[in-house]
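*Asks:* Here you go, one structure.
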Amino acid sequence: MIGRPLPLRDLGFRSTLELVADMPEVVRVCPYEKGTFILKAIADETTKAIARLVARQRRSGQKTRKSAAVKADTASPSKNPQRGRAPVLPATVKAELQDLLS
């Protein structure tokens, strides 16, 4: 979206998975299979109607997209306690990621 890699280290994160795990109000990290995860966007007031429509779609017959699963490079962040204080994600970065996920 911005044409360059996310500045994870500058924000205090080691991986994209750590970044999204620190934003439970924006995205949910769901374990999938064999070390992969699916990222599910959390609906807010502006996207709840869309979320309801998607939830009503028939689930049978839909193909699972491999591109939706994110391969985990490291152990789950919940099993890997962070050193010291958890990084604080700037509100502008959270807002941009939330827009992207919507």
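The values are calculated or read from the model by the stated rules, or taken from the named source; none is laboratory data. No experiment lies behind these values; they were computed from the predicted model shown. Note that we place each Cβ from the backbone using ideal geometry, even for glycine, and neighbour counts take in every protein chain shown.
*Asks:* For region 38-63, enumerate the residues that are of a type in the set (Ser, Thr, Tyr) and modelled with pLDDT of 50 or more.
*Replies:* Of everything in region 38-63, those that are of a type in the set (Ser, Thr, Tyr) and modelled with pLDDT of 50 or more turn out to be THR46, THR47.
*Asks:* If you don't mind, there's one more thing I want to ask. What is the residue count in region 1-50 for residues that are touching a strand residue (DSSP E or B) at 6+ places or on another chain (Cβ under 9 Å), outside any loop (DSSP other than H, G, I, E, B) and surrounded by fewer than 15 Cβ atoms within 10 Å (Cβ to Cβ)?
*Replies:* Total satisfying the criteria: 5.
*Asks:* Let me ask another. For region 72-84, state whether one or more residues are basic (Lys, Arg) and either at positive phi or modelled with pLDDT of 80 or more (or both).
*Replies:* Within region 72-84, none of the residues are basic (Lys, Arg) and either at positive phi or modelled with pLDDT of 80 or more (or both).
*Asks:* Please verify whether region 87-101 includes one or more residues that are of a type in the set (S, T, N, Q), within 17 Å of LEU17 (Cα to Cα) and modelled with pLDDT of 70 or more.
*Replies:* Yes: one or more hits.
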